[in-house]
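The values are calculated or read from the model by the stated rules, or taken from the named source; none is laboratory data. Predicted model, so just to flag it, every value in this text is computed and none were measured. Cβ sites come from the backbone with ideal geometry, for glycine too, and all protein chains shown count toward neighbours.
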Amino acid sequence: MAWRSSGASNRDLIENLWRNKLITHPQVKEAFLKVDRGHYAPSFAYDDSPQPIGHAATISAPHMHASAVEHLLPFLTPSETHPRRRVLDIGSGSGYLTHVMAELVGPEGTVVGIEHIAPLRDLGERNMGKSAEGRAFLESGRAKFRVGDGRKGGVEEGEEAEKWDAIHVGAAAAEVHDALLQQLKAPGRMFIPVDDEVEGWSQHIWCVDKDEKGEVTKRKLFGVRYVPLTDAPKA
Ligand code: SAH
């Protein structure tokens, strides 16, 4: 699947993801078209493959970003009952997905990217600053980048414990961390790769839903290969 959607330009790549039904919602397509992956991937930006971004991290492949947004979509876009979406992007890395999700939450929404490596936190912000739209998101606070351990979620100390409509985890977790479940709104949804040892894949994506009553259900989606969610490297 990886190479089939590769393109010669951003538009080409997104049109190929659409043609291959990896993007199926027009709103998702529109958001991806607005963000130039060339601002985020240092090499082969329009290939449908992960690329190294330094610090042993990678920008995930476009079809993985597409899948994450397709699954989280009902919890990203504002509605009459949920006008102010709050979204957490754990392991924001290049900042690409933080930007795509910021397109979808609308002017009242917020997307927070969290990184445990400070230079990667800065990289995400710098990459977003390459476009006028990205700079506007940073200036208005629609998108923010923070340093922290994403396994603990994204609520800062002293900050009102506001929960998240959607949580995207961009690195493989040892488990569905309790802190993250706690910080998910009811209703809310989390897209998270989790380590396991079955079916020849060592990780699977889980779609974790919390309903209005706070009841949690987990759906296992498909096998993946992500870098692990770890302790921050020693400086
Ligand atoms: N969504 C990013 C993925 C980057 S790779 C992108 O597509 O660009 C995964 C990222 O998770 C790495 O940047 C890594 O530094 C970060 N990471 C790993 N463990 C973490 C932790 N405990 N807390 C926060 N970030 C973490």
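Here is how the numbers come out for the structure above:
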read-out	value
Meets criteria (under 30 Å from Lys163 (Cβ atoms) and either without any contact (Cβ under 8 Å) to a residue 40 or more places away in the chain or among the polar types (S, T, N, Q) (or both)) for Ser5	no
Qualifying residue in the stretch 23-35 (condition: under 18 Å from the mean Cα position of the chain (by Cα) and within 14 Å of the ligand (Cβ to nearest atom))	yes
Lone unmet requirement of (1) crowded, with 16+ Cβ neighbours inside 10 Å; (2) within 14 Å of the ligand (Cβ to nearest atom) for Ser43	(1)
Residue count for the stretch 132-147, restricted to those that are small (Gly, Ala, Ser) and touching a strand residue (DSSP E or B) at 6+ places or on another chain (Cβ under 9 Å)	3
Of residues in the stretch 211-229 being surrounded by 15 or more Cβ atoms within 10 Å (Cβ to Cβ) and either in a loop (DSSP other than H, G, I, E, B) or basic (Lys, Arg) (or both), the one farthest from the ligand (Cβ to nearest atom)	Val224
Scope the stretch 1-40; condition among the acidic types (Asp, Glu) and surrounded by fewer than 19 Cβ atoms within 10 Å (Cβ to Cβ); matching residues	Asp12, Glu15, Glu30
Selection within the stretch 27-47 - in contact with a Lys or Arg (Cβ under 7 Å, 6 or more places away or on another chain), free of Cβ contacts under 8 Å to residues at least 60 places away in the same chain and either assigned to a loop (DSSP other than H, G, I, E, B) or under 25 Å from Ile117 (Cα atoms) (or both)	Ala45, Tyr46
Pairs, first more than 23 Å from Gly38 (Cβ to Cβ) and at pLDDT 95 or above in the stretch 107-131, second near the ligand (Cβ under 10 Å from one of its atoms) and not in a helix (DSSP H, G or I), C-beta under 6 Å, six or more apart	Val112/Gly154; Ile114/Ile90; Ile114/Arg146; Ile114/Gly148; Ile114/Gly154; His116/Asp149; His116/Ala232; Ala118/Val147
